[in-house]
Amino acid sequence: MLQTAAALSVYLVGGFFFVLGEHSVPIHLSGLSAQPEGLSMVKMSLDPVQVMSGQVQDIKVSPSSNGESRGSWEEKEFDQKQLDQTTKPKPPKPENAVTIAVSSRVLFRTEREQKVYEQKGVEEYLRYQVEHENEPFAPGPAFPFVKALETVNIRLRELYPQSEELFDIVLVTYNHAHVGIRLINTINHHNLFIERFCMTGGSSPIGYLKAWQTNLYLSADAEKVREALSEGIAAATMFMSDKMTTVSESQLRVAFDGDAVLFSDESERIFKAHGLDKFFEHERENEDTLLDHGPFKGFLEALAKLQKKFYAKGQRLNCPIRTYLVTARSAASSGIRALKTLRAWGLEVDEALFLAGAPKGPMLEKIRPHIFFDDQMFHVEGAAEMGTVAAHVPYGVAQLHSKKK
């Protein structure tokens, strides 16, 4: 294109560019954005000396001072999307995720608010929550566990940026929606990534847990935990404790009891009904017979599935998930059946401790798990006394033989 220029002016009109001036000089126009809507003309002045000497090779339209270049808006929008993806990852779809539903009463410490509810009723309780909605709750017993889940998610996103096989945390509460503001403020204060809420206003959350395809439910309400277990959802009751051991910030550690947790309570029933000798005899006779699954087999499977994603990247020794079997069984007399069952299921635990009836608390103190699941309150209380966050699984025959303190 040839135009003349003593003092050149370039005009953008209706999507076409015009160069006006006195002398004819060849000018190569490139890198020009299309005309934005609502802008009839853009004028750019060029130095004729630069043009005549060939110093101007390309003419590019810069964004106007008010930022109305379409290219600039698109670039800003793209940058913002990148920022949002970095700061707030998109929650995975429930069918792809390992969904952990956590009650607000175990994720945070709400004892004071609970007393207001019990002593003054629901209206005063709601008023109290609104008045204190800018005061964040303190961390509760499930808090370190949830933080560890998020640490695993960070590692998984680094290795598999497009994968939705992640932990997904759902906050479950019987609270009215008015209390949601305080919960959101608390979550933001503690820098937690929890986007899914279930505030039931006093109704049972179990139907929602099934809709979320929940893999694990943690609550302070033992009745709701039993209801979840009856619906096939792994669930456990958590308790407040004055002593909590410091746990790893880089590795999720989960410890399981065997009978009535990972396995059925079949062998436990033999022991309760006929004593230890009959139990040993039963286990020897059924050494090659697999134990039936317990309520937490599915959760261990979900953990193992995520572990294998790290193994596939050569990170078995640096895996941020570690699992433990901590059982009162004896290794030689009854342990082999448990291990054969896990192997037949295609599952493995990183460590197996057969304590032959010894207290579990001291061993758990060394493991320092984020959470330990057991069906007997005796073991839960013993672990809690030594600072381990232990959760009770109210399942099986042991519930007929134990009382909660």
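Against the definition (touching a helix residue (DSSP H, G or I) at 6+ places or on another chain (Cβ under 6 Å) and without any contact (Cβ under 8 Å) to a residue 24 or more places away in the chain), how does Y128 come out, yes or no? The answer is yes for Y128. Here is the figure for segment 172-210: residues that are part of a helix (DSSP H, G or I), open to solvent by 50 Å² or more (accessible area, probe 1.4 Å) and either touching a residue at least 40 places away in the same chain (Cβ under 8 Å) or touching a Lys or Arg at 6+ places or on another chain (Cβ under 9 Å) (or both) total 4. For segment 211-238, a residue qualifies if it is over 12 Å from S103 (Cβ atoms), touching a helix residue (DSSP H, G or I) at 6+ places or on another chain (Cβ under 7 Å) and open to solvent by 30 Å² or more (accessible area, probe 1.4 Å), and the qualifying residues are N215, E227, E231.
Set side by side, the residues E150, E158 differ, and just one is modelled with pLDDT of 95 or more, surrounded by 15 or more Cβ atoms within 10 Å (Cβ to Cβ) and charged (D, E, K, R), which is E150. Considering segment 99-126, and only residues there that are open to solvent by 10 Å² or more (accessible area, probe 1.4 Å) and β-branched (V, I, T), the residue that is nearest to Q307 (Cα to Cα) turns out to be T110.
Under the condition of being at positive phi and surrounded by fewer than 22 Cβ atoms within 10 Å (Cβ to Cβ), the residues counted in segment 250-290 number 1. Scanning segment 233-247 for residues that are at pLDDT 90 or above, part of a loop (DSSP other than H, G, I, E, B) and over 26 Å from A358 (Cβ atoms) turns up at least one hit. Strands (runs of 3 or more DSSP E) fully within segment 312-397 that include at least 3 residues being open to solvent by 40 Å² or more (accessible area, probe 1.4 Å): 351-354. Every listed requirement among (1) in contact (Cβ under 8 Å) with a residue 60 or more places away in the chain; (2) open to solvent by 10 Å² or more (accessible area, probe 1.4 Å) is met by L303 save one, (2). Reported count of residues in segment 239-284, each being within 22 Å of the chain's Cα centre (by Cα), over 30 Å from F310 (Cβ atoms) and not aliphatic (A, V, I, L, M), is 1.
Quick check, is T323 among the hydroxyl-bearing types (S, T, Y) and closer than 22 Å to R157 by Cα? Yes: the conditions hold for T323.
The values are calculated or read from the model by the stated rules, or taken from the named source; none is laboratory data. Source: prediction; values computed, not measured. Cβ coordinates were reconstructed from backbone atoms using ideal geometry, including for glycine residues, and neighbour counts include every protein chain displayed. Heads up: the accessible areas ignore ligands, DNA and RNA and are worked out on the full protein's heavy atoms, side chains in. Shrake-Rupley method; radii C 1.70, N 1.55, O 1.52, S 1.80 Å.
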